[in-house]
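The structure under discussion appears below in the form of C-alpha coordinates.
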Ligand SMILES: [Fe+2]
Ligand SMILES: [Fe+2]
(Lines give C-alpha, C1' and ligand atoms only; values in the text may rest on other atoms or scores of the structure.)
(Ligands and ions follow the chains in the order given, each with its own letter.)
Protein backbone atom coordinates (compact mmCIF):
# COMPACT_ATOMS: atom_id res chain seq x y z
CA UNK A 1 0.00 0.00 0.00
CA UNK A 2 1.32 3.45 -0.89
CA UNK A 3 1.55 6.19 1.68
CA UNK A 4 -0.03 8.52 -0.81
CA UNK A 5 -3.55 8.98 0.47
CA UNK A 6 -4.82 12.53 0.64
CA UNK A 7 -8.15 14.25 0.76
CA UNK A 8 -7.56 15.75 -2.68
CA UNK A 9 -6.75 12.35 -4.14
CA UNK A 10 -9.82 10.75 -2.52
CA UNK A 11 -12.04 13.44 -4.01
CA UNK A 12 -10.53 13.01 -7.45
CA UNK A 13 -10.89 9.25 -7.13
CA UNK A 14 -14.59 9.67 -6.43
CA UNK A 15 -14.97 12.25 -9.21
CA UNK A 16 -13.42 9.76 -11.63
CA UNK A 17 -16.17 7.23 -10.72
CA UNK A 18 -18.86 9.80 -11.47
CA UNK A 19 -17.26 10.70 -14.84
CA UNK A 20 -16.73 7.07 -15.66
CA UNK A 21 -20.35 6.12 -15.07
CA UNK A 22 -21.48 9.09 -17.10
CA UNK A 23 -19.12 8.74 -20.08
CA UNK A 24 -18.13 5.02 -19.85
CA UNK A 25 -14.68 6.20 -20.97
CA UNK A 26 -11.52 5.24 -19.05
CA UNK A 27 -10.30 8.05 -16.79
CA UNK A 28 -6.64 8.99 -16.27
CA UNK A 29 -5.62 11.49 -13.60
CA UNK A 30 -2.18 12.92 -12.96
CA UNK A 31 -1.53 14.23 -9.45
CA UNK A 32 0.97 16.05 -7.30
CA UNK A 33 0.35 15.29 -3.62
CA UNK A 34 2.09 15.45 -0.28
CA UNK A 35 2.27 11.97 1.23
CA UNK A 36 1.44 11.12 4.83
CA UNK A 37 5.20 11.20 5.52
CA UNK A 38 5.43 14.73 4.14
CA UNK A 39 7.10 13.85 0.82
CA UNK A 40 6.06 15.32 -2.54
CA UNK A 41 4.74 12.55 -4.75
CA UNK A 42 3.61 12.26 -8.37
CA UNK A 43 0.71 9.89 -8.71
CA UNK A 44 -1.24 8.65 -11.66
CA UNK A 45 -4.43 6.66 -11.52
CA UNK A 46 -6.41 4.91 -14.20
CA UNK A 47 -10.02 3.86 -13.86
CA UNK A 48 -12.23 1.87 -16.20
CA UNK A 49 -15.56 0.09 -15.99
CA UNK A 50 -16.09 -3.58 -16.63
CA UNK A 51 -19.36 -5.02 -17.88
CA UNK A 52 -21.25 -8.25 -17.46
CA UNK A 53 -22.29 -10.54 -20.32
CA UNK A 54 -25.37 -8.38 -20.98
CA UNK A 55 -23.14 -5.31 -21.41
CA UNK A 56 -24.29 -3.70 -18.15
CA UNK A 57 -21.82 -2.01 -15.83
CA UNK A 58 -20.72 -4.63 -13.33
CA UNK A 59 -18.05 -2.65 -11.55
CA UNK A 60 -15.14 -0.25 -11.67
CA UNK A 61 -11.51 -1.13 -11.66
CA UNK A 62 -8.87 1.40 -10.63
CA UNK A 63 -5.07 1.35 -10.44
CA UNK A 64 -2.95 3.94 -8.63
CA UNK A 65 0.73 4.24 -9.42
CA UNK A 66 3.41 6.21 -7.64
CA UNK A 67 5.39 7.65 -10.60
CA UNK A 68 7.57 10.03 -8.58
CA UNK A 69 10.86 8.42 -9.56
CA UNK A 70 9.86 8.07 -13.18
CA UNK A 71 8.91 11.78 -13.29
CA UNK A 72 12.18 12.79 -11.66
CA UNK A 73 14.10 10.75 -14.23
CA UNK A 74 12.10 12.36 -17.04
CA UNK A 75 12.76 15.86 -15.68
CA UNK A 76 16.47 15.10 -15.37
CA UNK A 77 16.61 13.82 -18.97
CA UNK A 78 14.74 16.87 -20.19
CA UNK A 79 17.23 19.15 -18.41
CA UNK A 80 20.17 17.29 -19.97
CA UNK A 81 18.47 17.51 -23.35
CA UNK A 82 17.90 21.26 -22.99
CA UNK A 83 21.52 21.70 -21.95
CA UNK A 84 22.68 19.88 -25.10
CA UNK A 85 20.40 21.95 -27.32
CA UNK A 86 21.59 25.19 -25.68
CA UNK A 87 25.21 24.16 -26.17
CA UNK A 88 24.58 23.32 -29.83
CA UNK A 89 22.91 26.70 -30.36
CA UNK A 90 25.80 28.51 -28.73
CA UNK A 91 28.38 26.65 -30.83
CA UNK A 92 26.46 27.48 -33.99
CA UNK A 93 26.11 31.18 -33.09
CA UNK A 94 29.77 31.36 -32.12
CA UNK A 95 30.81 29.80 -35.43
CA UNK A 96 28.71 32.36 -37.28
CA UNK A 97 30.20 35.18 -35.22
CA UNK A 98 33.77 34.01 -35.91
CA UNK A 99 33.12 34.14 -39.64
CA UNK A 100 31.42 37.53 -39.50
CA UNK A 101 34.22 38.96 -37.36
CA UNK A 102 36.78 37.76 -39.87
CA UNK A 103 34.92 39.53 -42.65
CA UNK A 104 34.60 42.61 -40.40
CA UNK A 105 30.84 42.41 -39.90
CA UNK A 106 29.28 44.12 -36.90
CA UNK A 107 29.43 42.17 -33.65
CA UNK A 108 25.76 41.23 -33.27
CA UNK A 109 25.02 40.90 -36.99
CA UNK A 110 24.34 37.17 -36.92
CA UNK A 111 22.14 37.39 -33.83
CA UNK A 112 20.01 40.10 -35.42
CA UNK A 113 19.76 38.19 -38.72
CA UNK A 114 18.58 35.15 -36.71
CA UNK A 115 15.95 37.19 -34.87
CA UNK A 116 14.62 39.00 -37.96
CA UNK A 117 14.47 35.67 -39.82
CA UNK A 118 12.57 34.01 -36.99
CA UNK A 119 10.00 36.82 -36.84
CA UNK A 120 9.47 36.95 -40.61
CA UNK A 121 9.44 33.14 -40.81
CA UNK A 122 6.51 33.01 -38.39
CA UNK A 123 4.68 35.82 -40.21
CA UNK A 124 5.31 33.98 -43.49
CA UNK A 125 3.41 31.01 -42.08
CA UNK A 126 6.23 28.64 -41.12
CA UNK A 127 5.30 26.46 -38.18
CA UNK A 128 7.02 27.03 -34.83
CA UNK A 129 9.54 24.24 -35.40
CA UNK A 130 10.60 25.42 -38.86
CA UNK A 131 10.82 29.04 -37.69
CA UNK A 132 13.08 27.90 -34.84
CA UNK A 133 15.25 25.84 -37.22
CA UNK A 134 15.54 28.90 -39.43
CA UNK A 135 16.56 31.03 -36.45
CA UNK A 136 19.27 28.60 -35.39
CA UNK A 137 20.61 27.99 -38.90
CA UNK A 138 20.56 31.62 -40.13
CA UNK A 139 23.78 32.72 -38.31
CA UNK A 140 25.77 30.32 -40.49
CA UNK A 141 24.79 31.90 -43.81
CA UNK A 142 28.38 33.03 -44.51
CA UNK A 143 30.16 30.03 -43.00
CA UNK A 144 31.77 29.34 -46.42
CA UNK A 145 33.85 32.53 -46.05
CA UNK A 146 36.16 30.33 -44.00
CA UNK A 147 37.55 29.21 -47.38
CA UNK A 148 38.12 32.72 -48.80
CA UNK A 149 41.64 34.20 -48.41
CA UNK A 150 41.94 37.23 -46.11
CA UNK A 151 43.42 39.50 -48.77
CA UNK A 152 40.29 39.06 -50.91
CA UNK A 153 37.73 38.90 -48.10
CA UNK A 154 38.98 42.12 -46.50
CA UNK A 155 40.21 44.01 -49.54
CA UNK A 156 39.33 47.67 -48.95
CA UNK A 157 39.04 48.73 -52.59
CA UNK A 158 36.86 47.44 -55.42
CA UNK A 159 37.27 43.76 -56.31
CA UNK A 160 38.52 42.49 -59.65
CA UNK A 161 36.27 40.08 -61.54
CA UNK A 162 38.43 37.13 -60.43
CA UNK A 163 38.31 38.26 -56.81
CA UNK A 164 34.53 38.61 -56.91
CA UNK A 165 34.27 35.16 -58.49
CA UNK A 166 36.32 33.87 -55.58
CA UNK A 167 34.06 35.59 -53.01
CA UNK A 168 31.01 34.03 -54.68
CA UNK A 169 32.33 30.56 -53.89
CA UNK A 170 31.58 31.10 -50.18
CA UNK A 171 28.07 29.88 -51.02
CA UNK A 172 29.13 26.51 -52.40
CA UNK A 173 31.93 26.10 -49.85
CA UNK A 174 29.37 26.59 -47.04
CA UNK A 175 26.98 24.14 -48.65
CA UNK A 176 29.69 21.52 -49.12
CA UNK A 177 30.69 21.78 -45.46
CA UNK A 178 27.12 21.31 -44.23
CA UNK A 179 25.67 18.86 -46.73
CA UNK A 180 27.46 15.90 -45.14
CA UNK A 181 25.58 16.35 -41.91
CA UNK A 182 22.57 14.18 -41.15
CA UNK A 183 21.23 16.80 -38.72
CA UNK A 184 18.27 18.90 -39.81
CA UNK A 185 19.69 22.21 -38.53
CA UNK A 186 22.98 21.80 -40.38
CA UNK A 187 21.23 20.65 -43.55
CA UNK A 188 19.10 23.80 -43.48
CA UNK A 189 22.21 25.86 -42.72
CA UNK A 190 23.77 24.33 -45.85
CA UNK A 191 20.79 25.30 -48.00
CA UNK A 192 20.85 28.86 -46.62
CA UNK A 193 24.61 29.09 -47.17
CA UNK A 194 24.14 27.94 -50.77
CA UNK A 195 21.28 30.19 -51.81
CA UNK A 196 21.29 33.36 -49.68
CA UNK A 197 22.75 35.34 -52.62
CA UNK A 198 20.23 34.09 -55.17
CA UNK A 199 17.87 36.80 -56.35
CA UNK A 200 14.12 36.59 -56.91
CA UNK A 201 14.61 37.72 -60.56
CA UNK A 202 17.19 34.97 -61.21
CA UNK A 203 20.26 37.21 -61.53
CA UNK A 204 21.92 36.07 -58.29
CA UNK A 205 24.53 33.40 -57.61
CA UNK A 206 25.74 30.64 -57.53
CA UNK A 207 22.98 28.88 -59.49
CA UNK A 208 20.98 31.80 -60.90
CA UNK A 209 17.70 30.21 -59.81
CA UNK A 210 14.61 32.42 -59.48
CA UNK A 211 11.40 32.93 -57.50
CA UNK A 212 10.14 29.99 -55.50
CA UNK A 213 12.93 27.79 -56.83
CA UNK A 214 14.95 29.52 -54.13
CA UNK A 215 14.37 27.93 -50.74
CA UNK A 216 12.06 30.02 -48.57
CA UNK A 217 14.54 30.01 -45.69
CA UNK A 218 17.16 31.56 -47.98
CA UNK A 219 14.68 34.14 -49.30
CA UNK A 220 13.98 35.26 -45.74
CA UNK A 221 17.64 35.29 -44.63
CA UNK A 222 18.56 37.22 -47.78
CA UNK A 223 16.32 40.17 -46.79
CA UNK A 224 17.34 40.00 -43.11
CA UNK A 225 21.05 39.91 -44.04
CA UNK A 226 20.94 42.82 -46.47
CA UNK A 227 18.68 44.89 -44.20
CA UNK A 228 21.11 44.47 -41.32
CA UNK A 229 24.18 45.14 -43.46
CA UNK A 230 22.93 48.39 -44.95
CA UNK A 231 21.41 49.72 -41.74
CA UNK A 232 24.67 49.35 -39.79
CA UNK A 233 28.04 51.00 -40.01
CA UNK A 234 30.89 48.95 -41.45
CA UNK A 235 34.54 49.88 -41.67
CA UNK A 236 34.06 50.75 -45.34
CA UNK A 237 30.71 52.56 -45.11
CA UNK A 238 28.35 54.49 -42.85
CA UNK A 239 24.96 53.14 -41.76
CA UNK A 240 22.20 54.19 -44.13
CA UNK A 241 19.38 56.26 -42.63
CA UNK A 242 16.30 54.08 -42.02
CA UNK A 243 14.11 55.86 -44.58
CA UNK A 244 16.77 55.07 -47.22
CA UNK A 245 16.91 51.42 -46.10
CA UNK A 246 13.13 51.17 -46.40
CA UNK A 247 13.21 52.78 -49.81
CA UNK A 248 15.89 50.30 -50.94
CA UNK A 249 13.82 47.30 -49.79
CA UNK A 250 10.81 48.62 -51.73
CA UNK A 251 12.98 49.25 -54.79
CA UNK A 252 14.42 45.72 -54.68
CA UNK A 253 11.02 44.06 -54.14
CA UNK A 254 10.60 41.51 -56.93
CA UNK A 255 14.16 42.14 -58.14
CA UNK A 256 16.54 41.00 -55.42
CA UNK A 257 13.87 40.00 -52.92
CA UNK A 258 10.73 37.87 -52.64
CA UNK A 259 7.85 40.41 -52.68
CA UNK A 260 6.00 38.53 -49.94
CA UNK A 261 9.02 38.66 -47.61
CA UNK A 262 9.40 42.40 -48.28
CA UNK A 263 5.71 43.05 -47.57
CA UNK A 264 6.01 41.20 -44.25
CA UNK A 265 9.23 43.02 -43.41
CA UNK A 266 7.64 46.43 -44.03
CA UNK A 267 4.34 45.50 -42.32
CA UNK A 268 6.29 44.52 -39.21
CA UNK A 269 8.75 47.40 -39.35
CA UNK A 270 8.28 48.43 -35.70
CA UNK A 271 9.05 44.91 -34.43
CA UNK A 272 12.07 44.71 -36.75
CA UNK A 273 13.38 47.99 -35.33
CA UNK A 274 12.81 46.70 -31.80
CA UNK A 275 15.02 43.68 -32.55
CA UNK A 276 17.55 46.04 -34.11
CA UNK A 277 17.83 48.10 -30.94
CA UNK A 278 17.55 45.16 -28.52
CA UNK A 279 20.55 43.49 -30.16
CA UNK A 280 22.46 46.65 -31.02
CA UNK A 281 26.24 46.33 -31.19
CA UNK A 282 26.51 48.58 -28.15
CA UNK A 283 24.47 46.16 -26.01
CA UNK A 284 26.25 43.25 -24.38
FE1 LIG B 1 27.08 35.73 -48.06
FE1 LIG C 1 25.75 38.40 -43.19
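The values are calculated or read from the model by the stated rules, or taken from the named source; none is laboratory data. Values in this document were obtained by computation on a predicted structure and should not be read as measured data. Cβ sites come from the backbone with ideal geometry, for glycine too, and all protein chains shown count toward neighbours.
Scanning segment 177-199 for residues that are within 16 Å of ligand 1 (Cβ to nearest atom) and assigned to a loop (DSSP other than H, G, I, E, B) turns up 196, 197, 198, 199.
Which ones in segment 122-162 are buried (at least 24 other Cβ atoms within 10 Å of the Cβ) and away from ligand 1 (no atom under 15 Å from the Cβ)? Answer for segment 122-162, where residues must be buried (at least 24 other Cβ atoms within 10 Å of the Cβ) and away from ligand 1 (no atom under 15 Å from the Cβ): just 134.
Would you call residue 165 out of contact with any helix residue (DSSP H, G or I) (no Cβ under 7 Å at 6 or more places or on another chain), farther than 24 Å from residue 88 by Cβ and within 16 Å of ligand 1 (Cβ to nearest atom)? Taking the combined requirement at face value, the residue satisfies it.
Looking at segment 83-176, the helices (runs of 4 or more DSSP H) lying wholly inside it that each contain 2 or more residues that are over 30 Å from residue 270 (Cβ atoms) and assigned by TED's automatic domain parsing to the domain that holds residue 234 sit at 150-153, 161-168.
For residue 50, the test of being in a strand (DSSP E or B) and touching a helix residue (DSSP H, G or I) at 6+ places or on another chain (Cβ under 7 Å) is failed. Annotation for segment 263-272: at least one member residue is modelled with pLDDT of 95 or more, touching a strand residue (DSSP E or B) at 6+ places or on another chain (Cβ under 9 Å) and either buried (at least 21 other Cβ atoms within 10 Å of the Cβ) or outside the structural domain of residue 96 (by TED's automatic domain parsing) (or both). In the set (1) surrounded by fewer than 22 Cβ atoms within 10 Å (Cβ to Cβ); (2) over 20 Å from residue 88 (Cα atoms), residue 171 fails one condition alone, (1). Within segment 218-247, the set of residues being more than 12 Å from ligand 2 (Cβ to nearest atom), surrounded by 13 or more Cβ atoms within 10 Å (Cβ to Cβ) and outside any helix (DSSP H, G or I) comprises 231, 239, 240. Against the numbered list (1) crowded, with 20+ Cβ neighbours inside 10 Å; (2) farther than 21 Å from residue 223 by Cβ, residue 183 comes up short only at (1). Checking each residue in segment 100-121 for being over 10 Å from the mean Cα position of the chain (by Cα), without any contact (Cβ under 8 Å) to a residue 40 or more places away in the chain and more than 13 Å from ligand 1 (Cβ to nearest atom) picks out only 101. Being free of Cβ contacts under 8 Å to residues at least 24 places away in the same chain and within 16 Å of ligand 2 (Cβ to nearest atom) holds for only one residue in 143, 136, 167, 152, and it is 167.
Going through (1) closer than 21 Å to residue 141 by Cα; (2) not in a loop (DSSP other than H, G, I, E, B) one by one, residue 205 falls short only on (2).
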